[in-house]
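These notes are about the structure you will find just below.
The values are calculated or read from the model by the stated rules, or taken from the named source; none is laboratory data. Worth saying up front: this structure is predicted, and the values here are computed from it rather than measured. FYI the Cβ positions are ideal-geometry reconstructions off the backbone, even for glycines, and counts take in every protein chain you see. Heads up: the accessible areas ignore ligands, DNA and RNA and are worked out on the full protein's heavy atoms, side chains in. Shrake-Rupley method; radii C 1.70, N 1.55, O 1.52, S 1.80 Å.
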Amino acid sequence: MKIITATVAVALLGWALPAVAQKTAAPAKGQQGQVVAVTDGDTLVLRLPSGPPVTVRLRDIDAPEICQPWGTEAKNALAELTLNKFAILTPVARDSFGRMVGRITVEDLDVGRNLVENGHAWSTRGRSDRGPLVKQERMAKALSRGLHGQLPRAVPPWEWRRNQGPCPKA
C-alpha cells in the first residue's frame with residue numbers, strides 16, 4: 001500500500017512540477033527603450049540605449065490600417081499607451097518589411113493585449129485558429145468596446161487590404 005501511494009505521489013509530482021515551473025519562470029529578458037513615434041495602430045518606433053531606433057510591429061495583433069475607419073483611433077490608442085514612455089521589447093522575429101516583431105510592455109501592461117481588449121485591434125489569425133488573443137477579442141465585441149461598438153460593420157484589416165489594397169503613402 002505504501003509503495004503504491006509513494007508511486008502515485010511521485011507520478012503526480014512529476015506531472016505537476018512542469019506546470020508550476022512554467023507559471024513561476026522568469027519572463028524572457030527584453031530590451032528597454034523609449035517609444036519615440038507611433039506609425040499606426042500596431043507599429044511604433046523604439047529608441048534603445050545604443051544603436052539606431054527600431055521599428056516594432058506588435059505581435060499577436062492586427063489594427064485597422066491608418067486609412068481605414070478606426071485607423072486613426074487605433075493609432076491614438078497606441079500613442080496614449082506608449083508615446084514618450086519607457087517600454088520593454090521582447091523580440092520574437094522580423095517581418096517581411098524588416099520590422100522587429102515583438103511584445104511591448106509599458107509599466108507591466110501588455111500593450112497589444114490591451115489594444116485588443118479595448119477594441120482597437122483584432123487578434124492575428126492563423127491557418128487553423130482565430131489567434132492567441134481570440135478570447136479578448138470576443139469579449140471586446142460582446143461589450144461593444146472601441147471599433148466593435150462604434151462601427152456598423154467593423155472590417156478586419158486583412159479584409160480591408162485584400163479589398164482596398166495598401167493605404168496611399170502620406
When the range 39-85 is checked residue by residue, the ones that are free of Cβ contacts under 8 Å to residues at least 40 places away in the same chain, among the charged types (D, E, K, R) and more than 21 Å from Leu133 (Cβ to Cβ) are Arg47
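Somewhere in the range 86-108, is a residue in a helix (DSSP H, G or I) and either in contact (Cβ under 8 Å) with a residue 24 or more places away in the chain or among the aliphatic types (A, V, I, L, M) (or both)?
Looking for residues that are in a helix (DSSP H, G or I) and either in contact (Cβ under 8 Å) with a residue 24 or more places away in the chain or among the aliphatic types (A, V, I, L, M) (or both), one finds none in the range 86-108, hence no.
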Per the list (1) in contact with a Cys (Cβ under 8 Å, 6 or more places away or on another chain); (2) surrounded by 16 or more Cβ atoms within 10 Å (Cβ to Cβ); (3) not polar (S, T, N, Q), residue check on Cys67 breaks on (2)
Q) Could you say whether any residue in the range 137-149 is part of a loop (DSSP other than H, G, I, E, B), among the hydrophobic types (A, V, I, L, M, F, W, C) and modelled with pLDDT under 95? A) no
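If you go through the range 65-80 one residue at a time, how many are in contact with a strand residue (DSSP E or B) (Cβ under 6 Å, 6 or more places away or on another chain) and either farther than 22 Å from Pro168 by Cα or assigned to a loop (DSSP other than H, G, I, E, B) (or both)?
Of the residues in the range 65-80, 1 are in contact with a strand residue (DSSP E or B) (Cβ under 6 Å, 6 or more places away or on another chain) and either farther than 22 Å from Pro168 by Cα or assigned to a loop (DSSP other than H, G, I, E, B) (or both).
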Subset of the range 129-164, residues without any contact (Cβ under 8 Å) to a residue 24 or more places away in the chain, out of contact with any helix residue (DSSP H, G or I) (no Cβ under 6 Å at 6 or more places or on another chain) and charged (D, E, K, R), comes to Asp129, Arg130, Lys135, Arg138, Arg153, Glu159, Arg162
Here the residues within the range 43-64 that are part of a loop (DSSP other than H, G, I, E, B) and open to solvent by 40 Å² or more (accessible area, probe 1.4 Å) are Pro49, Ser50, Gly51, Pro52, Pro53, Arg59, Asp60
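Against the condition of a type outside the set (D, E, K, R) and open to solvent by 40 Å² or more (accessible area, probe 1.4 Å), how does Pro157 come out, does it pass?
Details: of a type outside the set (D, E, K, R): yes; open to solvent by 40 Å² or more (accessible area, probe 1.4 Å): no.
No: the conditions fail for Pro157.
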Of the candidates Thr43, Thr124, the one satisfying the condition of being among the polar types (S, T, N, Q) and touching a Gly at 6+ places or on another chain (Cβ under 7 Å) is Thr124
Scanning the range 84-102 residue by residue, those open to solvent by 80 Å² or more (accessible area, probe 1.4 Å) and closer than 16 Å to Pro53 by Cβ turn out to be Asn84, Phe86, Arg94, Phe97
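Every residue, every condition in (1) surrounded by fewer than 16 Cβ atoms within 10 Å (Cβ to Cβ); (2) at pLDDT 95 or above; (3) closer than 19 Å to Arg47 by Cα, yes or no:
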{"residue": "Lys75", "(1), (2), (3)": "no, yes, yes"}
{"residue": "His120", "(1), (2), (3)": "no, yes, no"}
{"residue": "Ser123", "(1), (2), (3)": "no, yes, no"}
{"residue": "Ser128", "(1), (2), (3)": "yes, no, no"}
{"residue": "Pro152", "(1), (2), (3)": "yes, no, no"}
